[in-house]
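The block underneath contains the structure these notes are about, expressed in structure tokens.
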Amino acid sequence: MTSSYGPLAAPVHPGLRRCHGGTTLLGLAVVAVVALAAAPGCGPPAESVVGVAAAGATDSADLCARIDRAIGHARDGRLLDQRVNGAWQVVHGILAFGDELPLATADGKTTALAWLLDGGALRGWRLRPGSQGVVATIEEGSTTGQGHPDQWIGYLAQCGLDGVSIDTPISVNGNPHTLRDLLTQAQADIRPGAEATWTLMALSAWLPPESSWTSSDGQTWTIEDVVAMEAAADINGAACGGCHRLYGLVQALAAHQAAAAGPAGSERGGWADAEATIEACIEIARRHQQPDGSFSIHFFERPGTSADVFARLGATGHIFEFLVAALDDDRLAEPWVTRAATRLVTLLEQTADVDVECGALYHAVHGLRLYRERVCGAAAE
Ligand SMILES: [Zn+2]
């Protein structure tokens with residue numbers, strides 16, 4: 001699980017995996033809590049202190065204000081640097097912020113998305129011409145490059161609030177292409193049994209749900225075939241507890257239902273499999289939710305929590321992102337989801353001034369951005 005959360009998993013240069021804490025402090029109380037949390041031998045973070053603050057802050061306007069501060073801090077207080085961070089970190093940042101993510105370079109501050117699309121250099125960002133389009137090299141385990149097939153286009157297709165267009169120009173070794181060329185190559189390369197989680201994110205965002213094509217080994221595929229393959233694949237053993245697999249299924253099913261809305265329960269085939277898997281995992285997430293509102297650090301496998309604030313941030317943020325994508329407005333307003341949002345923003349506050357693993361950070365922030373868009377209205381972030 002090369003891209004799973006787990007900040008303590010591998011001894012790598014901290015700048016390559018971590019997202020640096022900023023100098024903007026969110027408040028003296030937060031500083032005190034972080035100081036306690038960071039001090040060796042002091043045990044777990046001062047949950048009771050934060051818990052009291054959070055319990056009194058159930059008012060939705062207050063929650064929305066806290067979410068906005070956390071989002072702003074993640075975007076501007078943790079400036080990614082092209083000379084320090086790798087593509088894995090930067091693309092996760094783009095997932096959260098789209099074309100709003102700043103990037104420091106030797107020539108000053110720029111926009112991370114524009115930097116990559118214009119062919120700017122970044123460790124781990126390796127694209128080359130392929131037989132059917134453009135290949136994005138997989139560097140499994142590098143912690144700087146693409147960790148899974150089509151992870152780059154999956155996240156570009158889903159980034160920010162609306163994703164980017166399939167026709168977005170991209171420079172590859174100085175030659176003009178579009179993101180469509182990466183998807184065309186992905187469609188040619190797909191095989192039965194593949195990990196198609198991120199491929200599905202791009203397919204469902206960029207092509208009509210009833211699309212079909214022929215892969216380079218001569219097999220005919222539909223998006224429903226990919227959905228069926230992903231729905232039949234293991235959840236618990238998948239990257240990040242299966243959250244990305246579930247998110248891909250949610251996006252594919254949503255696109256299908258938007259194009260061909262039928263009565264509830266009328267889905268068939270791969271779409272029905274996806275719906276069943278999603279519903280089962282929503283219920284498991286709810287049942288495994290901890291008393292403090294966080295989700296299980298064992299994801300959908302079994303309930304559990306940890307004194308490690310980073311483990312709770314990783315699991316809660318990943319599951320929250322899936323849930324926000326999956327739940328309709330009524331279910332998003334249920335108290336257990338509000339408790340999860342409150343705990344997630346508390347976890348971000350607790351870690352505001354320390355380095356955190358970028359996958360955990362940006363999936364959490366992406367989930368909160370999607371949440372605030374639907375729950376908090378049009379107030380500025
Ligand atoms: Zn992840």
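Miscellaneous remarks
- Exposure proxy order (Cβ contacts within 10 Å, fewest to most) of 323, 246, 63: 63, 323, 246
- Here the Karplus curve 6.51 cos²θ - 1.76 cosθ + 1.60, taken at θ = phi - 60°, turns the phi angles of the stretch 150-167 into couplings of 6, 4, 5, 5, x, 6, 5, 5, 9, 6, x, 9, 10, x, 10, 6, 4, 8 Hz, with x standing for Gly and Pro.
- Order of 230, 100 - criterion: other Cβ atoms within 10 Å of each residue's Cβ, fewest first: 100, 230
- Rg [Å, one decimal], Dmax [Å, integer] - the stretch 96-241, C-alpha atoms: 15.5, 48
- Geometric extent, Cα atoms of the stretch 134-212 - Rg, Dmax (angstrom): 12.3, 36
- Comparing Cα centroids, the stretch 291-356 and the stretch 166-196 end up 33 angstrom apart.
- Cβ charges +1 (Lys, Arg) and -1 (Asp, Glu), total dipole of the stretch 110-221, debye: 220
- 3J(HN,Hα) from dihedral phi, the stretch 241-253, Karplus parametrisation 6.51/-1.76/1.60, rounded to Hz, x for glycine, proline: x, x, 4, 6, 4, 5, 4, x, 4, 4, 5, 5, 5
- Rounded D (µm²/s) - the stretch 187-283, Kirkwood Rh over Cα pairs, Stokes-Einstein at 10 °C, 1.306 mPa s: 118
- Exposure proxy for 366, 20, 298, 244: other Cβ atoms within 10 Å of each Cβ, ordered fewest to most, give 298, 20, 244, 366.
- From the C-alpha gyration tensor of the stretch 243-303, square roots of 5λ in Å: 26, 11, 10
- Enclosed volume per residue, in Å³, of the convex hull spanned by Cα atoms of the stretch 93-132: 90
- Residues whose placed amide H lies under 5 Å from that of residue 80, excluding near-sequence neighbours: 104
Rule-based calculations on the coordinates, nothing more; no lab input. Computed from a prediction, not measured in an experiment: that's the story for all the values here. A quick note on method: Cβ atoms are made from the backbone with ideal geometry, for glycine too, and the neighbour counts reach across all protein chains shown.
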